[in-house]
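> Let me begin by handing over the structure; questions about it come next.
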There are 2 protein chains.
Amino acid sequence: PMATTQDEAGRRKFLDFPFVSAPHKNLMLDLVSTLENRFDSQLLPCTLPPDVQHYQSQSGTAQASLQIRSGQSNSPVDFVLGSWVHSELPTGGSLDITSLSAYLNLSNDSPNFLIELIRSSPTMLVLILDLPPRKDLVLWPDDLKTFYEDTHLDKPRQDLEKIPEVQPYYSSSLYVRTVSSPTAIMVRIETPEEERMEDIIRNHLDPISKQVLGVWLDHCACAKRDVGEAERAHLKKRDGLIRGKTIEIDLGSSFPRLFGTEVANRVLDTMREYFTV
Amino acid sequence: PMATTQDEAGRRKFLDFPFVSAPHKNLMLDLVSTLENRFDSQLLPCTLPPDVQHYQSQSGTAQASLQIRSGQSNSPVDFVLGSWVHSELPTGGSLDITSLSAYLNLSNDSPNFLIELIRSSPTMLVLILDLPPRKDLVLWPDDLKTFYEDTHLDKPRQDLEKIPEVQPYYSSSLYVRTVSSPTAIMVRIETPEEERMEDIIRNHLDPISKQVLGVWLDHCACAKRDVGEAERAHLKKRDGLIRGKTIEIDLGSSFPRLFGTEVANRVLDTMREYFTV
């Protein structure tokens, strides 16, 4: 499919990240361009309906941008999803979520990539940064070694842990914890002032997120993997379950609250087409 | 098999917990008796060789007690393992590890039980308390609900997290993290004085560990589970892998260091017989 002028407007709106700070925006833009540069022509333009590329609540207090680019048939990438959500809070502040995730298809059984920054105030941020495994690592210890041990993926987590403002974050959803990897970064950062939060984003979250994306690009997405028929069927089942739950738990619970049932259903129904394995 | 006088001596030595504080000993004794009372006559006496029930390093600076009781054929319990390890440290202090674990057999696909207290000084303790799942919870969300959500297993973890001296503990082994459940309690506790540590053990670790064991007894070990042939084969494979890795990683690395190769091999070879599925 060809990108239309409307699609280009949707993409510009996404890349604008109009509601987050400069270090936060730079972090996201660097990740998006690193990912897109690596896959270059393998990614099709985003062709979501305009009212799914950008949507808002009836009152206009919440708005969001969504971009999904599917991989060409010769690519290991199934699709790349980028998004931001901005919502004014009754308390006067705002909630800002930015996320980037990349899902591989069944030709490659490597982990996916996921980053999500949830900023609920200028001095409070939750970071989820992970390469969620697509196989049961208990049954596949070689994959644990290849993707997580040999790549030293626990190092960035340990580095982040040393910063005094960084505390572990436990998702209230046990399913979200279950699908995460043993080196998942799930932290809550609370700073006395906004300035310090921007420092932490610039000096720590930015390099660490690039490092994790680098591991994903070099050792996962671009790995030559031999996926047999039986494994492929198993992967399809597991991917399908995880993606279904992602829509249901992660998005299905917060989207209707933020955007109203009608808008949420429109967006989720469209997303579901991509999330089907 | 009948218990001999030597076996009774081995059991007494285990239950003596001679090197740990009164609150620590009470915690362990309560768990052992709660577990044994529930299964009562279903557990056979420990018939390990005397030099595996109690063993020490050549220099005598490290000694340990081990008890394994197999379940009768009518029991869902495969075996219950209790142990303490005491090792004098070159720095003058001592390392004391006490543990209790219960492994179910293939007639029941519920999680196992595991508690381990690692005290490396009077003011430093690591607690691992978990019901490690025996199935890939991503593929079995109903099990996640039954064993972890409906039983509110995250509550004791949250309660413990609120104590200021309690910090999360990350095992250096990614495999150990991988086999743990989404509600696993893995914490490091550091207190200014020994007295405060004993308070925390008495007032927090004691009730919390009983609560988790209670969930395991009521909702896992005594659950009526219908395990089909295919599931049973899968369970056997996964149990086998985890048990093998437990010997290899968890014990295989520290035992030779503490007790020397000869003693370590003697103990591990005997344990391996029980750990085979």
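The values are calculated or read from the model by the stated rules, or taken from the named source; none is laboratory data. What you see is a predicted model; the values in this text were computed from it and never measured. All Cβ positions, glycine included, derive from the backbone under ideal geometry; neighbour counts span all protein chains shown. Just so you know, the surface numbers come from the protein's heavy atoms only, side chains and all, with ligands and any DNA or RNA stripped out. Shrake-Rupley method; radii C 1.70, N 1.55, O 1.52, S 1.80 Å.
> Please tell me if A:Glu149 is free of Cβ contacts under 8 Å to residues at least 24 places away in the same chain, within 14 Å of chain B (Cβ to nearest Cβ) and closer than 30 Å to B:Arg177 by Cβ. Outline the logic, then answer.
Values: free of Cβ contacts under 8 Å to residues at least 24 places away in the same chain: yes; within 14 Å of chain B (Cβ to nearest Cβ): yes; closer than 30 Å to B:Arg177 by Cβ: yes.
When the stated conditions are applied, A:Glu149 passes them.
> May I ask you to say which residue of B:Glu198, B:Glu262, B:Glu229 is charged (D, E, K, R), away from chain A (no Cβ under 14 Å) and open to solvent by less than 20 Å² (accessible area, probe 1.4 Å)?
Working: B:Glu262 fails: open to solvent by less than 20 Å² (accessible area, probe 1.4 Å); B:Glu229 fails: open to solvent by less than 20 Å² (accessible area, probe 1.4 Å).
So the residue among B:Glu198, B:Glu262, B:Glu229 that is charged (D, E, K, R), away from chain A (no Cβ under 14 Å) and open to solvent by less than 20 Å² (accessible area, probe 1.4 Å) is B:Glu198.
> Continuing with the same structure: Based on what the data block shows, is B:Leu235 open to solvent by less than 70 Å² (accessible area, probe 1.4 Å) and away from every other protein chain (no Cβ under 14 Å)?
Working: open to solvent by less than 70 Å² (accessible area, probe 1.4 Å): yes; away from every other protein chain (no Cβ under 14 Å): no.
Against the criterion (open to solvent by less than 70 Å² (accessible area, probe 1.4 Å) and away from every other protein chain (no Cβ under 14 Å)), B:Leu235 does not qualify.
> Follow-up. Just wondering, is there one or more residues in segment B:121-140 that are touching a Lys or Arg at 6+ places or on another chain (Cβ under 8 Å), at pLDDT 95 or above, within 19 Å of A:Tyr170 (Cα to Cα) and not in a strand (DSSP E or B)?
Looking through segment B:121-140, at least one residue is touching a Lys or Arg at 6+ places or on another chain (Cβ under 8 Å), at pLDDT 95 or above, within 19 Å of A:Tyr170 (Cα to Cα) and not in a strand (DSSP E or B).
> I would also like to ask the following. What's the total number of residues in segment A:100-146 that are touching a helix residue (DSSP H, G or I) at 6+ places or on another chain (Cβ under 7 Å), more than 19 Å from A:Lys236 (Cα to Cα), within 14 Å of chain B (Cβ to nearest Cβ) and open to solvent by less than 20 Å² (accessible area, probe 1.4 Å)?
1
> Here's a check for you: in segment B:156-187, which residue that is more than 12 Å from chain A (Cβ to nearest Cβ) and charged (D, E, K, R) is most open to solvent (accessible area, probe 1.4 Å)?
Filtering first and then ranking leaves B:Lys162.
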